[in-house]
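Take a look at the structure below.
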Amino acid sequence: MSDATARVDAWLWAVRIYKTRSLATAACRAGHVRVGGEKAKAAQPVRPGDEVRVRINGFDKILVVRQTISKRVGAALVAASVDDQTPPPPPRELTAFVPTRDRGAGRPTKRDRRNIEKLRGRYDDFEGA
């Protein structure tokens, strides 16, 4: 079960970061996985002590390899195989509010679009409306 090294995509799948190994491989191809600060290919080996950063939903998850596994195992063994050093997310009060339109409201009018752009700060030279 524990080898000296394991493929990074197989390890990410085994410690349940990704639901399938093909998703882990696709994340490596897209550049969302870094081992030791460098972008990792799917077949790159990981060893105990390596730091693996995975970008999921716009946030980095920082993992330290404790034990290399390449097959799915029970949750207790997963906890022994990975050390999650991801900082806690910022409180909701500090995150930016993203305005959303009501479902079914239809396409924004030109005035709505200008107001949205003004709110986002992208339409600085607009004088009217």
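The values are calculated or read from the model by the stated rules, or taken from the named source; none is laboratory data. Computed from a predicted structure; not experimentally measured. So basically every Cβ, Gly included, is an ideal-geometry build from the backbone, and we count neighbours across all protein chains shown.
If you take the residues in the range 62-72 that are crowded, with 19+ Cβ neighbours inside 10 Å and under 18 Å from the mean Cα position of the chain (by Cα), which one is farthest from PRO89 (Cα to Cα)? Only one residue fits best here, namely VAL65.
Of the residues in the range 37-51, none is modelled with pLDDT of 95 or more, buried (at least 20 other Cβ atoms within 10 Å of the Cβ) and under 12 Å from the mean Cα position of the chain (by Cα).
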